[in-house]
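Only the coordinates and a few stated rules stand behind these numbers; no lab work does. Computed from a predicted model, the values in this text were never measured in an experiment. Glycine also receives a Cβ, built like all others from the backbone with ideal geometry; neighbour counts cover every protein chain displayed.
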Amino acid sequence: MALTSFDFQQARVKQVLFKSRLRSVLYGVREAEPALFSLAHNPLGQWLQTSVKPALGGQPEVREIERVLQQMLSKGQDLVTSYTRGHIEESRAGLDQINTFAEHIETLLHRLEQGTAAA
Amino acid sequence: MAQPPGSPAAVPYFYSSSGFANRQPAFMPAPPASDSPVDYQRLFRSLPDNFLLMKHDATIVDNTDGHVAVSLKSREEAVGRTLFEAYPSTDQNQGDIIAASHEHVRQHLEPHAMPVIRYDLARPAEQGGGFEEMYWQATHYPLLDEQGQLEYILQRTQNITEQYRAAQEAARAQVALAESQDRIRFVLENLPVLIWTATAGGDRDFFNSRWLAFTGRTAEEQMGEQWSTSIHPDDRERVLASWKKSVASGELYQVEYRLRRHDGQYRWILVRATPRRDAQGTINLWVGGATDIHEQRQMVQELLSANETQAVLAEQAYQLYQKAENQRETFQSLLLQAPAMICILRGAEHRYEFVNPNYQQLFPHRELLGHTVEEVLPEVKDQGIIGILDKVYQTGETFHGDEMKMQLERDASKALKDSYFNFVYQQFRENDEPAGIMVFAFEVTEFVHARQALERLDNAPGN
């Protein structure tokens, strides 16, 4: 089935949820789950795998999203490691970089969505 | 500045900054007197200091050369007169101070120092001219006779510029230090942060008033390790272990824990402390700051809950959407394949939204979708069809057409053909409002023609 704006909306919700989960780990509200940083188990990663790739697997944006998402996940993992070592403020300051990755992914999603709408 | 009585006057060659001792007239021993090998009067006058000797009533008896030099008045002009006559005061107050000092000496037979006065001496032209700021102090000493009665008052005037300046400097430094300490204290007390300091050994030795106000404890109740009694019991062990580790290693101390507020509520705080090191690198102080992050933490928690709920709802909505989409596709394919002519007209203008292939076959040469009935089937207007559609749309009453005749252009020939249909015009509603009409039709032209042919046969003459 072709991707609709509803699908992209889902991706955005999943992205915000990832950031919120990471932030809650860095504020000691929640323990980190290993699946949070796994491309295969991360909700956005799963969405890429099951919804996007079958429909738009050939698009360069899809590969780029996967690459940036992988970077965002490993950065998130580093921040949690830093937090558990007691570098509380430093790890929180790192959320800035997560935002940069997330904005990049958002730009790519937007481009994909525009392409889908135009097709 | 006017010259105060009894004080030195400007004699630059004598009191210049090059120093007192160097300019002191050399001591020249007098020829021995009959009963003494020393000329004491000459010795007195040559003393390297500014002395003025008076009787108890202030009548001047003698003075040293130093005094002559700084007072700018010859000995002859002074001796025999009172101090007040020889060196008139610039004002009554000055005179009163001297008289009071004399009186003190007379009464108590003890030395009396007068307040320090400023009296600037002219600087020699070769040193730049002008005046040099100088400070002086005069002291009156009692000299007693053999019966212990006051015989003379000895005035000694000292140049205390150096000491005075040093004292002034020390006072200024003290004020600056006090100001600096006051400033630091003000900053510590008024920053919106809970602040403490600890010794190198890890004992807390200062808490700012915000900390004390927050915990509702006195400084004495928090000193040393007592502060840890305000930590939430579940966090205490972890916090103390972390603090001890930092004290031992000198690493930055960073920890989050719940601190009991004065009202008994535990609040999450973030604490950060840095060691201060001396020139040798040895830690001599820890300074720590804590901020209340309770609300922030709560907000993170609430946002997470909201985002998780939203994700679940979005997932459900997405599932429903996919289900609806699948159903829509199913119904659409049923309608497309149905062995009847079906179309959906949307809105009061009856715009084609859906047309199945059977319906489209009626008008193979016309583009129906997206156009209104009136636009693409202009021939039906005069046949009352638009009126029927309008009525169905407005009233919601279903219209059943039974072998209804229409004249339609069914190819691009411009010729109208009689066509008969059994059909239904049925209003459909959305959000409780009329939304359009569904048309469901069978063409019965051949059937009608056959029946008409039969009827003609039946009615034919001879039957």
If the chain between B:His56 and B:Thr199 were fully extended at 0.36 nm per residue, the gain over the current Cα-Cα distance would be 45.1 nm
I'd like the Karplus ³J(HN,Hα) series for region B:335-340: coefficients 6.51, -1.76, 1.60, θ = phi - 60°, whole numbers in Hz, and an x wherever there's a Gly or Pro. 5, 4, 8, 4, x, 8
Residue separation between B:Gln322 and B:Ile160 times 0.36 nm, minus their alpha-carbon distance, gives in nm 48.3 nm
What are the ³J(HN,Hα) values, in whole Hz, obtained from phi via the Karplus relation 6.51 cos²θ - 1.76 cosθ + 1.60 with θ = phi - 60°, for each residue of region B:386-391 in sequence order, with x given for Gly and Pro? 4, x, 5, 4, 4, 5
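Given a Förster radius of 41 Å and the C-beta distance between B:Val424 and A:Ala2 as r, what FRET efficiency does 1/(1 + (r/R0)^6) yield to the nearest 0.05?
Working: r = 34 Å, r/R0 = 0.82.
Between B:Val424 and A:Ala2 the formula returns 0.75.
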Please list 3J(HN,Hα) in residue order for region B:103-113, calculated via the Karplus relation 6.51 cos²θ - 1.76 cosθ + 1.60 where θ = phi - 60°; whole Hz, with x for glycine and proline. 4, 4, 5, 4, 6, 9, 6, 9, x, 9, 9
With the dipole of chain A worked out from charges on the C-beta (+1 for Lys and Arg, -1 for Asp and Glu) around the Cα centre, which of A:Gly28, A:Val80, A:Phe6 lies farthest toward the positive end? A:Gly28
Given the pairs A:Lys19/A:Lys75; A:Lys19/B:Lys245; B:Lys323/B:Lys391; A:Lys19/B:Lys244; B:Lys381/B:Lys414, which span a C-alpha to C-alpha distance of over 23 angstrom in this model? A:Lys19/B:Lys245; B:Lys323/B:Lys391; A:Lys19/B:Lys244
Hey, if you put +1 on the Cβ of every Lys and Arg and -1 on every Asp and Glu Cβ in region B:41-178, which of B:Leu47, B:Ile117, B:Val175 ends up farthest toward the positive end of that dipole? B:Val175
Two-site label geometry, A:Gln9 and B:Val38: point separation in nm, points 7 Å out along Cα→Cβ: 11.5
Amide H neighbours of B:Thr82 under 5 Å, at least 5 residues apart or on other chains, H built in the peptide plane: list them. B:Ile60
Footprinting proxy, B:Arg106, B:Arg297: sorted fewest to most Cβ within 10 Å, the residues are B:Arg106, B:Arg297
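R0 = 25 Å: FRET efficiency of B:Glu329 with B:Ala450, Cβ-based, nearest 0.05? Mind dumping the intermediate values first?
Numbers: r = 39 Å, r/R0 = 1.56.
That gives a FRET efficiency of 0.05.
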